[in-house]
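Notes follow once the structure below has been shown.
The values are calculated or read from the model by the stated rules, or taken from the named source; none is laboratory data. Note that the coordinates shown come from a computational prediction; the quantities given were computed from them, not determined experimentally. Reconstructed Cβ throughout: ideal geometry from the backbone, glycine too, with neighbour counts over all protein chains shown. Side chains are part of the model used for accessible areas, which takes the heavy atoms of the whole protein and leaves out ligands, DNA and RNA. Shrake-Rupley method; radii C 1.70, N 1.55, O 1.52, S 1.80 Å.
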Amino acid sequence: MLIIMKKYIFLILIAFSVSQLRAQEIRDALRYAQDNINGTARFRAMSGAFGALGGDLSAINVNPAGAAVFSNNQVGFTLSNNTINNNSDYFGEKTKQTNNSFDLNQAGGVFVFKNQYSSSNWKKFSVAINFENTSNLNNSIFSAGTNPTHSIDSYFLSYANGIPLSVLENSNYDELGHGAQQAFLGYQAYIINPASTNSTNTVYNSNVPSGGNYYHENTVTTKGYNGKLSFNAATSYKDKLYIGVNLNSHFTDFRQLSRFYEDNNAPLTSNYTISRLQFNNELYTYGTGFSFQLGAIAKVTNELRLGLAYESPTWYRLNDELTQKLIGVSANTSGELAPDVVNPNVTNYYDPYKLQTPSKWTGSMAYIFGKKGLISIDYALKDYSNTKFKPENDTYFRGINSKMNSLLNTTSELHIGAEYKIEAWSLRGGYRSEQSPYKNQTTMS
């Protein structure tokens, strides 16, 4: 059993915005298209540069030919501890949030069958099964500060304007589409008011007073993982050429809980206006996927090895569920009213949809210094502009796919790993560089 400590430091600048909560976005696609370096302790210590080495359970996920490098059967698992520190800056107010999680990072085994016919050039055959936690999605971000100009009221107004008042007065939350649901919440919590009491009214005004500073708190907590279960078969030809294939089953389980709080210090009047509100959302995404990998490793000399691997797109089938709750507190110069709590107690189940992530090519080279050590280099290419939501004839998906095609780019990854042995000790180190999937290099550096 191995325990790995890992620490991330993020610096994020958060601007006030509330986007459509359920609709798929580019960041949602990238959540499933990008991988982290997870796996065995040796694999992670050398930054995953194992495409030409093999002989490690996690190396199978880079190049499936690596399973044929094993000389004997092997079973193992890895536990990991991840600590993430998020620092946020919201209108000059800095906050910090720490998240810690303990996970099963990898588990699997490889079984080697040596050819009993010594005259055959095919020396051995191996089968393996390996689970990898490709992405740990546990995280927590807290931001707080005073926004001098904007309230969340604009979010509810953007959905309400154009919807007849009769719809918001005579419908239940579960009878409405997503946009009308947002308008319903804002109306029932008195965040917005109709411009006219006529049932045909389609214009709404904010009940949040202007002219005051808006203190905001935003907490976003995510839990879950992207997992991959690989079924591998590999073989060795003259112990000089190794060939392998993976059939991969993917599964994802992701929850995002967000709590947005707003408080304004506008002077109270004789009319009731909103002084505080809290908007809670819980999004749950789950699903499965499939991909395959092909790979080969050539032992050019006893010291030099070259590798090449192809990873197909992953074809996901995903489902979304959403629950919401809104609380508004109204006040005037005489005092506060009891909170207006709009809790539909309804879970929205949306139609399943598909996501296709980009394919990946990896070229590798390793040089082994006898029994003293080694150095290994992996270079990979991945075209994120090929990421697609499906069905492609869906109006919204057609728009977001067009955005991904124009905003995302082909990226390269460089992994360098080294190992040096001193008697019973092994010193390992690694370097990893990955380009941003965004062309502008600003959204993500």
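For region 271-278, state whether one or more residues are under 30 Å from T347 (Cα atoms), part of a strand (DSSP E or B), in contact with a Gly (Cβ under 7 Å, 6 or more places away or on another chain) and basic (K, R).
Applying the first criterion (under 30 Å from T347 (Cα atoms)) to region 271-278 yields 273-278.
Still in the running and part of a strand (DSSP E or B): 273-278.
Checking which are in contact with a Gly (Cβ under 7 Å, 6 or more places away or on another chain) leaves us with 274, 277.
Subsequent filtering for residues that are basic (K, R) retains none.
No, region 271-278 has no match at all.
N265 passes all but one of (1) loosely packed, with under 15 Cβ neighbours inside 10 Å; (2) touching a helix residue (DSSP H, G or I) at 6+ places or on another chain (Cβ under 6 Å); (3) within 30 Å of K96 (Cβ to Cβ); which number fails?
(2)
Looking at Q181 and the list (1) touching a helix residue (DSSP H, G or I) at 6+ places or on another chain (Cβ under 9 Å); (2) of a type in the set (S, T, N, Q); (3) closer than 23 Å to N280 by Cβ; (4) open to solvent by 20 Å² or more (accessible area, probe 1.4 Å), which single condition is not satisfied?
It fails just one condition, (4).
So, in region 349-393, exactly how many residues are loosely packed, with under 15 Cβ neighbours inside 10 Å and of a type in the set (D, E)?
So the answer is 2.
Residues in region 231-240: is at least one open to solvent by less than 50 Å² (accessible area, probe 1.4 Å), part of a strand (DSSP E or B) and out of contact with any helix residue (DSSP H, G or I) (no Cβ under 7 Å at 6 or more places or on another chain)?
The answer is yes; a qualifying residue exists.
Residues of region 413-443 being closer than 17 Å to D35 by Cα and loosely packed, with under 15 Cβ neighbours inside 10 Å, which ones?
Correct list: Y431, S433.
Please go through region 188-230 and give me each residue that is open to solvent by less than 30 Å² (accessible area, probe 1.4 Å) and at positive phi, ordered by number.
G224
Does any residue in region 162-190 that is closer than 23 Å to I274 by Cα come within less than 7 Å, Cβ to Cβ, of a residue that is among the acidic types (D, E) and at pLDDT below 95 six or more places away or on a different chain, and which pairs are these?
none
Among the numbered criteria (1) small (G, A, S); (2) modelled with pLDDT under 95; (3) more than 23 Å from Y350 (Cα to Cα), which one does G224 miss?
(3)
Can you name every residue in region 117-131 that is more than 26 Å from the chain's Cα centre (by Cα) and open to solvent by 40 Å² or more (accessible area, probe 1.4 Å)?
Y117, S118, S119, N121, W122, K123, F125, V127 - these are the residues of region 117-131 that are more than 26 Å from the chain's Cα centre (by Cα) and open to solvent by 40 Å² or more (accessible area, probe 1.4 Å).
Would you pick out the residues in region 343-379 that are without any contact (Cβ under 8 Å) to a residue 60 or more places away in the chain and under 18 Å from E434 (Cβ atoms)?
Those that are without any contact (Cβ under 8 Å) to a residue 60 or more places away in the chain and under 18 Å from E434 (Cβ atoms): S359, K360, W361, Y379.
Please go through region 273-307 and give me each residue that is open to solvent by 30 Å² or more (accessible area, probe 1.4 Å), touching an Asp or Glu at 6+ places or on another chain (Cβ under 9 Å) and farther than 30 Å from K223 by Cα, ordered by number.
L294, K299
Report every pair of residues separated by at least 6 positions or lying on different chains whose Cβ atoms are under 7 Å apart, first residue within region 410-425 and free of Cβ contacts under 8 Å to residues at least 60 places away in the same chain and over 20 Å from S47 (Cβ atoms), second open to solvent by 40 Å² or more (accessible area, probe 1.4 Å) and part of a strand (DSSP E or B).
T410/L381; T410/D383
Any residue at all in region 106-118 that's in a strand (DSSP E or B) and at pLDDT below 90?
Of the residues in region 106-118, the ones in a strand (DSSP E or B) are 106-114.
Keeping just the survivors that are at pLDDT below 90 gives none.
Scanning region 106-118, I find no residue that is in a strand (DSSP E or B) and at pLDDT below 90, so the answer is no.
With the requirement that a residue be open to solvent by 60 Å² or more (accessible area, probe 1.4 Å) and either modelled with pLDDT under 95 or under 14 Å from Q188 (Cβ atoms) (or both), what does region 338-348 give you?
Answer for region 338-348, where residues must be open to solvent by 60 Å² or more (accessible area, probe 1.4 Å) and either modelled with pLDDT under 95 or under 14 Å from Q188 (Cβ atoms) (or both): P339, V341, N343, N345.
Give Y187, Y214 a once-over and let me know the one that is touching a Phe, Trp or Tyr at 6+ places or on another chain (Cβ under 9 Å) and more than 30 Å from N86 (Cα to Cα).
Numbers: Y214 fails: more than 30 Å from N86 (Cα to Cα).
Matching residue, one of Y187, Y214: Y187.
Which one of T134, T95, T83 is over 21 Å from A234 (Cα atoms), surrounded by fewer than 14 Cβ atoms within 10 Å (Cβ to Cβ) and within 23 Å of the chain's Cα centre (by Cα)? Break it down stepwise before answering.
On the way: T134 fails: surrounded by fewer than 14 Cβ atoms within 10 Å (Cβ to Cβ); T95 fails: surrounded by fewer than 14 Cβ atoms within 10 Å (Cβ to Cβ).
Checking each option against the conditions leaves just T83.
When you scan region 402-412, how many residues do you find that are surrounded by 15 or more Cβ atoms within 10 Å (Cβ to Cβ) and part of a strand (DSSP E or B)?
Counting residues in region 402-412 that are surrounded by 15 or more Cβ atoms within 10 Å (Cβ to Cβ) and part of a strand (DSSP E or B) gives 2.
Please go through (1) part of a strand (DSSP E or B); (2) farther than 25 Å from S101 by Cα for D253 and return the number of the only condition it doesn't satisfy.
(2)
Checking L247 against (1) touching a residue at least 60 places away in the same chain (Cβ under 8 Å); (2) in contact with a strand residue (DSSP E or B) (Cβ under 8 Å, 6 or more places away or on another chain), only one condition comes out false. Which one?
Of the numbered conditions (1) touching a residue at least 60 places away in the same chain (Cβ under 8 Å); (2) in contact with a strand residue (DSSP E or B) (Cβ under 8 Å, 6 or more places away or on another chain), the odd one out for L247 is (1).
Take region 62-95 and flag every residue that is free of Cβ contacts under 8 Å to residues at least 40 places away in the same chain and more than 30 Å from L414 (Cβ to Cβ).
N73, V75, K94
Quick check on T219: is it touching a residue at least 24 places away in the same chain (Cβ under 8 Å), among the β-branched types (V, I, T) and farther than 30 Å from S101 by Cβ?
So T219 does not fit the description; no.
What number of residues within region 319-333 satisfy the criterion of being out of contact with any Ser or Thr (no Cβ under 6 Å at 6 or more places or on another chain) and within 30 Å of L355 (Cα to Cα)?
Qualifying residue count for the region: 4.
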